[in-house]
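**Q** Let me begin by handing over the structure; questions about it come next.
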Amino acid sequence: MRRRDFIKFFGGAALWPLSAQAQQPERMRLIGILLPAAVGDPAAKRQLAAFVRQLEELGWAEGRNLQIDYRWGAGEPERMQVFAKELVELKPNVILARSTPVTAALLRQTRTIPIVFTVVSDPVGEGFVESLARPGGNVTGFTNVEFSLTGKWLELLKEIAPGIKRVAFIFDPKLAPGGGSYYTRLIEASAATSAVVPTVAPVHDAVEIERAIGEFAREQNGGLVVLPDATTLGHRELIVALAARHRVPAIYAFRDIVVDGGLISYGIDIVEQYRQAAGYVDRILKGAKPAELPVQLPAKFEMTINLKTAKTLSLDVPLLLQQRADEVIE
């Protein structure tokens with residue numbers, strides 16, 4: 001063999017493994033997602049789409065270096081527990097959880113797999129984390145409530161409907177933070193300064209929602225504060241319809257409900273929170289530990305008003321309130 005051929009042969013052989021290595025597919029990572037909503041919930045689909053798009057911007061693409069397994073709790077604690085067990089058995093690299101009951105279900109199954117939660121009201125009180133600044137375990141994430149929020153809901157409800165003297169707080173104690181005690185503490189604290197008589201209206205299903213709103217609406221000058229949990233969100237169309245039928249002003253925590261006919265909302269931008277959660281998931285996939293990532297409080301609350309709904313309720317929304325709103329639906 002001539003010297004030139006010898007160099008070509010062995011030079012090519014030396015380069016071949018490097019070329020082949022460059023063509024190897026990226027290592028696949030697995031994300032589990034457990035949601036309290038039902039399969040096909042339109043709002044949940046929009047929020048998940050934002051999460052996936054943000055992951056793509058950070059370099060993670062399904063089918064290339066990422067696999068995502070979804071589970072849907074449909075507002076049923078038993079299903080959440082079953083699906084939490086299923087996801088943990090898949091041994092994902094990280095799990096995205098929405099809501100207090102979903103996060104609690106996952107933590108019953110694992111204290112090692114990283115979990116990033118969204119829309120959790122009281123992670124310290126629930127025992128999910130040691131503190132907001134130093135979570136200390138396998139879970140961290142993003143909250144949706146601060147202590148003053150209930151008072152703000154009452155303030156806005158009275159501003160848009162000044163005649164309100166009674167307010168019913170609707171929530172499902174099985175799915176609400178602290179079994180409902182977190183909300184009742186906020187209600188008691190805020191009602192004392194708002195000049196309204198508060199009524200706690202615990203509900204568990206559509207029948208109880210219809211009964212609670214119907215009974216409350218028998219007397220005049222009432223308003224509703226619909227607290228966010230899987231039951232009230234899963235039956236949001238029913239609640240909006242009942243509020244319209246009984247002509248009861250209602251305030252909600254999320255914009256999507258007002259877009260679908262609710263009167264007014266004040267709360268976090270959930271789509272933005274899912275984008276932020278994607279950032280934490282990205283950092284964990286790249287080696288960060290949940291214990292090192294502080295729990296994030298809401299940086300901003302947004303107000304949406306539906307003037308068409310206000311008109312059907314014979315409410316004249318003050319111009320100053322409209323100007324303060326982030327979105328006005330006409």
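The values are calculated or read from the model by the stated rules, or taken from the named source; none is laboratory data. These figures come from a predicted structure and were not determined experimentally. Note that we place each Cβ from the backbone using ideal geometry, even for glycine, and neighbour counts take in every protein chain shown. We work out accessible area using only protein heavy atoms, side chains counted, and drop any ligands, DNA or RNA first. Shrake-Rupley method; radii C 1.70, N 1.55, O 1.52, S 1.80 Å.
**Q** For the stretch 217-239: of the residues being without any contact (Cβ under 8 Å) to a residue 40 or more places away in the chain and in a helix (DSSP H, G or I), which is nearest to the chain's Cα centre (by Cα)?
**A** That would be Arg236.
**Q** Could you go through the stretch 273-283 and let me know if any residue there is farther than 21 Å from Phe117 by Cβ and open to solvent by 10 Å² or more (accessible area, probe 1.4 Å). Quick ask: steps written out before the conclusion?
**A** Taking the stretch 273-283 as the starting set, the residues that turn out to be farther than 21 Å from Phe117 by Cβ are none.
Looking for residues that are farther than 21 Å from Phe117 by Cβ and open to solvent by 10 Å² or more (accessible area, probe 1.4 Å), one finds none in the stretch 273-283, hence no.
**Q** If you don't mind, another one. Consider Arg64 against the criteria (1) over 15 Å from Gly32 (Cα atoms); (2) over 20 Å from the mean Cα position of the chain (by Cα); (3) free of Cβ contacts under 8 Å to residues at least 12 places away in the same chain: it satisfies all of them except one. Which criterion is unmet?
**A** Unmet condition: (3).
**Q** Ok, one more. For Pro77, are the conditions met, namely being modelled with pLDDT under 95, closer than 20 Å to Ala230 by Cα, out of contact with any Cys (no Cβ under 8 Å at 6 or more places or on another chain) and open to solvent by 70 Å² or more (accessible area, probe 1.4 Å)? So that I can check it myself, show each step before the final result.
**A** On the way: modelled with pLDDT under 95: yes; closer than 20 Å to Ala230 by Cα: yes; out of contact with any Cys (no Cβ under 8 Å at 6 or more places or on another chain): yes; open to solvent by 70 Å² or more (accessible area, probe 1.4 Å): no.
No; evaluated as a whole, the condition is false for this residue.
**Q** To continue, here is another question. Which residue is farthest from Gln54 (Cα to Cα), if the candidates are limited to the stretch 284-312 and must be without any contact (Cβ under 8 Å) to a residue 60 or more places away in the chain and buried (at least 20 other Cβ atoms within 10 Å of the Cβ)?
**A** Asn306
**Q** Could you tell me whether the stretch 84-91 includes any residue that is of a type in the set (A, V, I, L, M), open to solvent by 10 Å² or more (accessible area, probe 1.4 Å), out of contact with any Asp or Glu (no Cβ under 9 Å at 6 or more places or on another chain) and in contact (Cβ under 8 Å) with a residue 12 or more places away in the chain?
**A** yes
**Q** Looking at (1) among the charged types (D, E, K, R); (2) under 30 Å from Pro173 (Cα atoms); (3) open to solvent by 30 Å² or more (accessible area, probe 1.4 Å), which one does Asp229 not meet, given that it meets all the others?
**A** (3)
**Q** What's the total number of residues in the stretch 140-156 that are of a type in the set (A, V, I, L, M, F, W, C) and open to solvent by 30 Å² or more (accessible area, probe 1.4 Å)?
**A** Total meeting the criteria: 1.
**Q** Between a first residue in the stretch 105-117 that is of a type in the set (Ser, Thr, Tyr) and a second residue that is part of a loop (DSSP other than H, G, I, E, B) and open to solvent by less than 20 Å² (accessible area, probe 1.4 Å), which pairs have beta carbons less than 6 Å apart while being 6 or more apart in sequence or on different chains?
**A** Thr112/Asn138
**Q** Which one of Ala133, Ala97, Ala161 is surrounded by 24 or more Cβ atoms within 10 Å (Cβ to Cβ) and among the small types (Gly, Ala, Ser)?
**A** Of the residues listed, the single one that is surrounded by 24 or more Cβ atoms within 10 Å (Cβ to Cβ) and among the small types (Gly, Ala, Ser) is Ala97.
**Q** Quick check on my filter: what residues within the stretch 173-209 are modelled with pLDDT under 95, open to solvent by less than 10 Å² (accessible area, probe 1.4 Å) and not small (Gly, Ala, Ser)?
**A** Result: Leu175, Pro177, Tyr183, Leu186, Ile187.
**Q** Now for a different question. Determine which single condition Val39 fails, assuming it passes every other condition in (1) assigned to a loop (DSSP other than H, G, I, E, B); (2) buried (at least 20 other Cβ atoms within 10 Å of the Cβ); (3) in contact with a strand residue (DSSP E or B) (Cβ under 6 Å, 6 or more places away or on another chain).
**A** All conditions are met except number (2).
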